[in-house]
Amino acid sequence: MKRLVPLLFAALKFGLGFALTSRVYELHRDEYLYLNYGRHLAWGYLEVPPLTALQSWLTLALGGGYFWVKFWPLLWGAATVYVVGRAAQRLGGGRWAQLLACLSYLVGAYARLNFLFQPNSFEVFSFTLSCYWLMVYLQQHRPRYLYGIGLVLGLSLLNKYTAFFFIGALLAGLLLTPQRRLLLTWRAAAAAGLALLLWLPNLLWQLRHGIPFRHHMALLHDTQLVHVGAADFWKDQLLMCFPALGVWLPGLLALLLYRPLRPYRAVGFLFLAGLLILTVLHGKSYYALGYYPILFAAGAVWWQQWLAPRPRLARVLRPALPGLLLLLAVPLFPYVYSVYPPARMQAIGRAYRSTGVHRWEDGQNHPLPQDYADMLGWQELADKTWQVYRSLPDSTRARTLILCDNYGQAGAINYYNRHRALPAAQSFNGSYLYWFPPRPAPPYRYVIRVQEQERDNAARYARWQRRAAVLNPYAREQGTVVMLGTAPTPAALDTLYQDHRQALAEWEQQPPAAR
């Protein structure tokens with residue numbers, strides 16, 4: 001069965017995602033936001049396009065349990081492994097080359113990426129599939145593969161706007177090779193038209209809402225990307241796929257220089273152009289992960305063909321290379337699979353400080369990696385918010401606004417209380433700006449404020465109390481407080497809704513009065 005190895009590794013990829021994780025960790029901060037998309041289906045959101053929302057809607061329709069949340073990233077990860085194995089096969093690789101290529105994917109940072117319900121897993125899959133279909137088209141020249149690329153790139157544009165970087169790199173790769181003639185064909189134009197047609201609803205949404213994507217990129221640059229330097233970016237490129245360095249680097253060189261693989265040089269140039277674009281634009285290191293998987297296939301095929309006329313060396317290296325990948329992956333194991341509880345991770349982390357894996361978006365090192373700290377304390381916050389709400393008098397309890405400082409807090413409260421009669425938590429952070437409720441009559445009797453740090457709002461309420469706080473010492477949300485304001489003044493509510501209009505106007509690039 002020619003697809004046996006890719007299918008086996010796809011199944012292994014899916015199963016490991018559930019087997020090698022500690023349930024001490026909850027969902028990630030971003031996952032709560034993306035899950036809330038499913039309650040507010042639209043053609044666009046302030047953070048990403050709408051494809052993730054469809055997955056969120058299906059997840060919630062199936063009950064919203066842990067399995068279904070993790071199902072989607074693991075599905076796209078398994079599909080990517082399958083494509084990598086098939087790509088090695090298409091390039092002439094036998095079962096050993098397919099095994100080496102698939103194993104290269106399993107031992108890299110993809111184990112972590114494919115565990116989080118974020119747009120990144122589908123992005124890696126779509127980039128890999130586009131490269132695969134480009135190579136197949138160069139072999140067979142069947143138009144359906146070009147149309148397939150158009151379809152995948154259109155869906156990728158509906159998934160995450162970094163697809164524009166990949167499309168730019170793809171054009172650069174084609175322009176630098178004789179395949180540039182392909183760009184002048186009507187079939188390529190039809191494929192491009194298909195991609196644009198799929199993305200059109202989101203484009204219209206952006207235009208209708210004042211192109212909030214511009215503000216998102218400016219905010220991302222000022223708060224996160226400003227801390228990403230070229231040296232750190234390239235150091236991370238070596239670390240993310242370090243166990244497979246001996247596979248993807250020969251794969252890149254083979255695509256550019258090795259005669260049997262030179263017909264696919266466009267894919268090699270695509271990789272170089274993509275990483276150059278990300279370097280210039282200060283992209284996050286993991287933005288580049290979608291460019292590597294196809295190199296695993298090329299590298300594995302090169303190794304197979306290089307060893308073929310060297311039987312003595314092959315007898316040693318054919319078992320040694322996969323074994324070396326597994327051996328090199330051992331030091332990275334705690335950071336790609338969340339197996340160890342926080343105290344153990346803190347102890348392990350002392351030996352890894354110089355690698356930068358404990359550096360957060362603020363540019364500083366912390367006891368836990370940011371992703372791990374972002375998966376703690378959420379249920380504690382949600383349960384304490386519910387308890388505060390339940391403590392209110394039955395007759396006026398429904399007249400309560402729950403307002404959070406960030407989308408993670410609001411999303412976690414909504415997720416863990418999804419089966420309780422609790423008003424939806426709101427925020428002025430991100431897409432929650434579009435979901436903020438209209439001003440009610442009669443007015444709110446209570447406002448539960450979830451604050452990253454306690455702020456004095458006593459003048460705005462008849463009574464202002466601190467009712468709870470997140471105590472988990474490992475959580476990024478440690479110290480987050482749950483405050484209760486009783487009988488907000490009319491001026492306080494006026495200010496609240498004015499702040500909402502102003503925050504939304506900043507995203508839509510228009511003065512508040514225009515709203």
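The values are calculated or read from the model by the stated rules, or taken from the named source; none is laboratory data. The structure presented is a predicted model; accordingly, all values stated were derived computationally and were not measured. Virtual Cβ from ideal backbone geometry, glycine too; neighbours counted across all protein chains shown. Calculation scope for accessible area: heavy atoms of the full protein, side chains included, ligands and nucleic acids excluded. Shrake-Rupley method; radii C 1.70, N 1.55, O 1.52, S 1.80 Å.
Brief remarks on what is shown
- Residue match in the range 65-86 (condition: out of contact with any strand residue (DSSP E or B) (no Cβ under 7 Å at 6 or more places or on another chain), over 30 Å from Ala329 (Cα atoms) and not in a helix (DSSP H, G or I)): yes
- The numbered conditions (1) acidic (Asp, Glu); (2) open to solvent by 30 Å² or more (accessible area, probe 1.4 Å); (3) under 30 Å from Ser354 (Cβ atoms) are all true for Asp374 except (2).
- Scan of the range 18-54 for residues that are assigned to a helix (DSSP H, G or I) and closer than 18 Å to Pro369 by Cβ, ordered by number: Arg29, Asp30, Glu31
- Residue that is nearest to Thr59 (Cα to Cα), among those in the range 126-150 that are in contact (Cβ under 8 Å) with a residue 60 or more places away in the chain and of a type in the set (A, V, I, L, M, F, W, C): Phe127
- Selection count, the range 336-364, where residues are over 25 Å from Ala19 (Cα atoms), assigned to a helix (DSSP H, G or I) and in contact (Cβ under 8 Å) with a residue 24 or more places away in the chain: 1
- The set of residues from the range 50-80 being over 23 Å from Gly154 (Cα atoms) and open to solvent by 10 Å² or more (accessible area, probe 1.4 Å) comprises Leu60, Ala61, Leu62, Gly63, Gly65, Tyr66, Phe67, Trp68.
- In the range 433-466, of all residues being in contact (Cβ under 8 Å) with a residue 40 or more places away in the chain and aromatic (Phe, Trp, Tyr), the one that is farthest from Glu477 (Cα to Cα) corresponds to Tyr444.
- Evaluation of Tyr161 against (1) surrounded by fewer than 21 Cβ atoms within 10 Å (Cβ to Cβ); (2) among the aromatic types (Phe, Trp, Tyr); (3) part of a helix (DSSP H, G or I) (one fails), failing number: (3)
- Subset of the range 256-267 [more than 20 Å from Val152 (Cβ to Cβ) and buried (at least 22 other Cβ atoms within 10 Å of the Cβ)]: Leu261
- Of all residues in the range 465-487, those satisfying the criterion of being surrounded by fewer than 22 Cβ atoms within 10 Å (Cβ to Cβ) and more than 29 Å from Trp360 (Cβ to Cβ) are Gln465, Leu484, Thr486, Ala487.
- Among residues of the range 335-354 being β-branched (Val, Ile, Thr) and out of contact with any Lys or Arg (no Cβ under 8 Å at 6 or more places or on another chain), the one that is most open to solvent (accessible area, probe 1.4 Å) is Val339.
- Given (1) open to solvent by 20 Å² or more (accessible area, probe 1.4 Å); (2) at pLDDT 95 or above; (3) in contact with a Gly (Cβ under 8 Å, 6 or more places away or on another chain), number of the condition Asn457 does not satisfy: (2)
- Among the residues of the range 93-109, those that are touching a Pro at 6+ places or on another chain (Cβ under 8 Å), part of a helix (DSSP H, G or I) and surrounded by 24 or more Cβ atoms within 10 Å (Cβ to Cβ) comprise Gln98, Leu100, Cys102, Leu103, Ser104, Tyr105.
- Residue within the range 314-322 that is under 27 Å from the mean Cα position of the chain (by Cα), closer than 30 Å to Leu129 by Cα, modelled with pLDDT of 95 or more and assigned to a helix (DSSP H, G or I) present: no
- The numbered conditions (1) hydrophobic (A, V, I, L, M, F, W, C); (2) part of a helix (DSSP H, G or I); (3) open to solvent by less than 20 Å² (accessible area, probe 1.4 Å) are all true for Leu171 except (3).
- When Thr177 is tested against (1) open to solvent by 10 Å² or more (accessible area, probe 1.4 Å); (2) touching a residue at least 40 places away in the same chain (Cβ under 8 Å); (3) of a type in the set (Ser, Thr, Tyr), exactly one condition is not met: (1).
- Pairs, first over 21 Å from Gly377 (Cα atoms) and outside any loop (DSSP other than H, G, I, E, B) in the range 388-410, second of a type in the set (S, T, N, Q) and modelled with pLDDT of 95 or more, C-beta under 6 Å, six or more apart: none
- Qualifying position, being at pLDDT 95 or above and part of a loop (DSSP other than H, G, I, E, B), among Pro367, Pro440, Pro423: Pro423
- Residues in the range 14-43 that are among the charged types (D, E, K, R) and either more than 16 Å from Leu75 (Cβ to Cβ) or touching a Ser or Thr at 6+ places or on another chain (Cβ under 8 Å) (or both): Arg23, Glu26, Arg29, Asp30, Arg39.
- Matching residues, the range 290-317, being surrounded by fewer than 24 Cβ atoms within 10 Å (Cβ to Cβ), farther than 16 Å from Gln89 by Cα and in contact (Cβ under 8 Å) with a residue 12 or more places away in the chain: Leu317
- From Arg90, Arg86, residue being out of contact with any Pro (no Cβ under 6 Å at 6 or more places or on another chain), at pLDDT 95 or above and over 24 Å from Leu54 (Cβ atoms): Arg90
- Among the residues of the range 269-285, none qualifies, meaning not one is more than 21 Å from Lys160 (Cβ to Cβ), open to solvent by less than 10 Å² (accessible area, probe 1.4 Å) and at pLDDT 95 or above.
- Residues in the range 114-153 that are hydrophobic (A, V, I, L, M, F, W, C) and either at pLDDT below 95 or assigned to a loop (DSSP other than H, G, I, E, B) (or both): Phe115, Leu116, Phe117.
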